[in-house]
Amino acid sequence: AGGPARVVVDLDLPGPTISRHLYGHFAEHLGRCIYGGFFVGEDSEIPNIRGIRRDVVEALRALQIPNLRWPGGCFADDYHWKDGLGPREDRPRMVNSHWGDVVEDNSFGTHEFMDLVELLGTAPYVNGNVGSGTVAEMSEWVEYLTRADDSPMASLRRENGRDEPWAVPFFGIGNEPWGCGGTMRAEDYAALARQYSTYVRDQGGDPGNHVTRIAAGASDDDFAWTESLMRAAQNLEGADGESGPYQAISMHYYTMSGPWADKGSATEFTDQEWYLTLSRATRAEELVARHSTVMDQYDPHRKVGLVFDEWGTWWNVEPGTNPGFLYQQNTVRDALVASIHFDGFHRHADRLIMANIAQTVNVLQAMILTDPDTGALVLTPTYHVFAMNAGHQDASALATHVVLPEQPREVDGRSLPMISASASVRPQEGTALVSLSNLDADAPRTLVLDLRGRTVTGHRVTVLTGASTAAHNTPEDPRAVAPAPLEDIRDHERGLEITLPAHSYTTVELQLG
Ligand code: AHR
């Protein structure tokens, strides 16, 4: 094509709203996510609020996390919520068979989780048990959580110290039923999803709870699973004319550079593995688009939401750590995997109503890593991408075109342009946000940010990068990868000319006239 690299943004053509819930999180009873991550207990020397780590709460509040999914994952289909009530010393124990085969003492239960979400100022996404639970158990959990009057479960909640019901806007009907959640066939699970969803009732009253029921969806490119769930629900009405019996369907896709048995190291990788990983991250958008196309056949008006409630990198565990605990480091590469996902999410905001990165603390692509010995807390490069992108939450997506002079690199059978971008606008507030990722491992890239349709009166540019593609944060060097102002920027007749460092992520906050 020739000419400079360009990213063209039509500032005056606001598209669908980017739900804040696309920036959701996931916390499972797995390794040191809940225990030792969020929850250290009241007797810990680490400052805590009723056992919940204060610095973890503060760090996540700064991200404005919109929702938190709990208690799994695979753990959800082993979990019996009544075991997590009452005095901690009396709670039954269980084996966490999926994750390290360790004994779970149920000391973090429903009340502790709801305390956590209130401290975080976030919405709970509770995932129920289909695999080893019962319809009555799920139904009673919803009654316990959300009912105001003197029903049996509301009364039990009061006996356990909570008078007012909680608001629970999202409820999951099992997890990965094709695998750890019950090894089911698509048609068998679809029948159960209809049945269980029927008993996840809106309980009325104050706070007027309305639950979005989320049927457990496909892995990767299992479009037949999505089709089966859509077919099973077609022409069924829910409350208020919404689709029923479930209002959303989930999907899961993880990014790794190797096969399942050897997913790759989090911190030691070649340039080839760098590009392979980023190419596989771009597959997430393709999967969202294709699942959405299947849904379109049954639901052309897009009443049923798509919920991408597990995404992110999955590497080999850090050497010397428990293989069942899924503890991994987090580098500039993870940051760009996140930014690529968000660019794709913004483009599909009309169907995608929620997404949850796996997982928030100490597990998989975490925001926060804590040291098991010293308790030190580190914010990961991925945390900073969430922080830099917070302005996209509930803004209107903008069409964004990347025009590059060179042919895209071919990686793993797909084209990988070296720039990924997306943008959003808040027309009333007169602000816009542009996200730019330079995927080139070695070369900086100068581009023209071609801003059309509105006058730009001010800008603030922030960059996230590190000394190498594998740079990461540790207690000794917690800001090896941290946001900083980007100086290499000039006015241009079409907008701005910006030089993005190699392997970097940049946000441009715009004031509009
Ligand atoms: O996030 C880790 C695990 O990955 C979840 O428990 C499960 O749903 C998925 O397979």
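Checking each residue in segment 265-297 for being surrounded by 18 or more Cβ atoms within 10 Å (Cβ to Cβ) and closer than 13 Å to Arg351 by Cα picks out Glu285, Leu287, Val288, His291, Ser292, Val294, Met295. Among the candidates Glu164, Glu143, the residue that is in a helix (DSSP H, G or I), over 24 Å from the mean Cα position of the chain (by Cα) and not β-branched (Val, Ile, Thr) is uniquely Glu143.
This table checks each residue for (1) touching a helix residue (DSSP H, G or I) at 6+ places or on another chain (Cβ under 8 Å); (2) on the phi > 0 side of the Ramachandran plot; (3) away from the ligand (no atom under 16 Å from the Cβ).
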residue	(1), (2), (3)
Asp309	no, no, no
Thr313	yes, no, no
Gly320	no, yes, yes
Leu326	no, yes, no
Asn330	yes, no, no
Phe342	yes, no, yes
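Do the conditions hold for Asp149, that is, is it over 23 Å from Ala355 (Cα atoms), assigned to a loop (DSSP other than H, G, I, E, B) and more than 16 Å from the ligand (Cβ to nearest atom)? Yes, satisfied.
For the structure I just gave you, tell me whether Val317 is outside any strand (DSSP E or B) and closer than 27 Å to Asn96 by Cβ.
Judged against the criteria, Val317 is a match.
Applying the condition of being in a strand (DSSP E or B) and either within 16 Å of the ligand (Cβ to nearest atom) or not assigned by TED's automatic domain parsing to the domain that holds Phe113 (or both) to segment 21-41 and asking which residue is nearest to Pro372 (Cα to Cα) yields Tyr35. Considering only segment 119-128, I want to know if a residue exists there that is away from the ligand (no atom under 16 Å from the Cβ), touching a strand residue (DSSP E or B) at 6+ places or on another chain (Cβ under 9 Å) and part of a strand (DSSP E or B). Within segment 119-128, one or more residues are away from the ligand (no atom under 16 Å from the Cβ), touching a strand residue (DSSP E or B) at 6+ places or on another chain (Cβ under 9 Å) and part of a strand (DSSP E or B). Within segment 210-221, identify whether any single residue is closer than 21 Å to His111 by Cα, surrounded by fewer than 21 Cβ atoms within 10 Å (Cβ to Cβ) and not aromatic (Phe, Trp, Tyr), and answer yes or no. So far as segment 210-221 goes, yes, one or more of its residues are closer than 21 Å to His111 by Cα, surrounded by fewer than 21 Cβ atoms within 10 Å (Cβ to Cβ) and not aromatic (Phe, Trp, Tyr). Of all residues in segment 150-157, one or more are over 23 Å from Cys74 (Cβ atoms), among the hydrophobic types (A, V, I, L, M, F, W, C), assigned by TED's automatic domain parsing to the domain that holds Ile353 and in contact with a Lys or Arg (Cβ under 7 Å, 6 or more places away or on another chain). When segment 343-367 is filtered for residues that are in a strand (DSSP E or B) and either in contact with a His (Cβ under 8 Å, 6 or more places away or on another chain) or surrounded by fewer than 24 Cβ atoms within 10 Å (Cβ to Cβ) (or both), the ones remaining, listed by number, are Ile353, Met354, Ala355, Asn356, Ile357. Candidates Pro475, Pro483: the one that is touching a helix residue (DSSP H, G or I) at 6+ places or on another chain (Cβ under 8 Å), over 21 Å from Asp12 (Cβ atoms) and not hydrophobic (A, V, I, L, M, F, W, C) is Pro483.
Checking each residue in segment 438-482 for being over 23 Å from the mean Cα position of the chain (by Cα) and hydrophobic (A, V, I, L, M, F, W, C) picks out Ala441, Ala443, Leu447, Val448, Leu449, Leu451, Val456, Val461, Ala467, Ala480. The lone criterion from (1) within 16 Å of the ligand (Cβ to nearest atom); (2) assigned to a loop (DSSP other than H, G, I, E, B) left unmet by Ser44 is number (1). Out of Phe171, Phe113, which single residue is assigned to a helix (DSSP H, G or I), within 26 Å of Met251 (Cα to Cα) and in contact (Cβ under 8 Å) with a residue 40 or more places away in the chain? It is Phe113.
In segment 240-266, how many residues are more than 16 Å from the ligand (Cβ to nearest atom), over 27 Å from Glu227 (Cβ atoms) and of a type in the set (A, V, I, L, M)? Reasoning before the result, please.
To start, the set of residues in segment 240-266 that are more than 16 Å from the ligand (Cβ to nearest atom) comprises 240-248, 257-258, 262, 264-265.
With the extra rule that they be over 27 Å from Glu227 (Cβ atoms), the set shrinks to 257-258, 262, 264-265.
Narrowing further to those that are of a type in the set (A, V, I, L, M): none.
Adding up the residues that qualify gives 0.
If you go through segment 68-101 and keep only what is away from the ligand (no atom under 16 Å from the Cβ) and touching a residue at least 40 places away in the same chain (Cβ under 8 Å), you end up with His80, Trp81, Lys82, Leu85, Gly86.
The rows are residues; the columns are (1) hydroxyl-bearing (Ser, Thr, Tyr); (2) not assigned by TED's automatic domain parsing to the domain that holds Ala136; (3) not in a loop (DSSP other than H, G, I, E, B).
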{"position": "Pro177", "(1), (2), (3)": "no, no, no"}
{"position": "Cys180", "(1), (2), (3)": "no, no, no"}
{"position": "Thr183", "(1), (2), (3)": "yes, no, no"}
{"position": "Asp188", "(1), (2), (3)": "no, no, yes"}
{"position": "Ala191", "(1), (2), (3)": "no, no, yes"}
{"position": "Ser197", "(1), (2), (3)": "yes, no, yes"}
{"position": "Arg201", "(1), (2), (3)": "no, no, no"}
{"position": "Ile214", "(1), (2), (3)": "no, no, yes"}
{"position": "Gly217", "(1), (2), (3)": "no, no, yes"}
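For the structure I just gave you, tell me whether Thr226 is free of Cβ contacts under 8 Å to residues at least 24 places away in the same chain and within 24 Å of Glu310 (Cβ to Cβ). Spelling it out, it is not the case that Thr226 is free of Cβ contacts under 8 Å to residues at least 24 places away in the same chain and within 24 Å of Glu310 (Cβ to Cβ).
Could you please find all residues in segment 153-168 being free of Cβ contacts under 8 Å to residues at least 24 places away in the same chain and surrounded by 15 or more Cβ atoms within 10 Å (Cβ to Cβ)? Listed by number, the residues that qualify are Met153, Ala154, Arg157.
When the residues of segment 34-72 are narrowed to those that are out of contact with any strand residue (DSSP E or B) (no Cβ under 7 Å at 6 or more places or on another chain) and closer than 30 Å to Val135 by Cβ, which ends up surrounded by the fewest Cβ atoms within 10 Å (Cβ to Cβ)? Here the answer is Tyr35. How about segment 168-192: which of its residues are within 18 Å of Glu227 (Cβ to Cβ) and away from the ligand (no atom under 16 Å from the Cβ)? Correct list: Arg185, Ala186, Glu187, Asp188, Ala190, Ala191, Leu192.
Suppose we keep only residues that are part of a loop (DSSP other than H, G, I, E, B) and in contact with a Leu (Cβ under 7 Å, 6 or more places away or on another chain) within segment 85-110. Which one would you say is surrounded by the fewest Cβ atoms within 10 Å (Cβ to Cβ)? Top of the filtered list is Gly109.
The values are calculated or read from the model by the stated rules, or taken from the named source; none is laboratory data. In this text, all values refer to a predicted model and were calculated from it rather than measured experimentally. Positions of Cβ are backbone-derived with ideal geometry, glycine not excepted, and every protein chain shown enters the neighbour counts.
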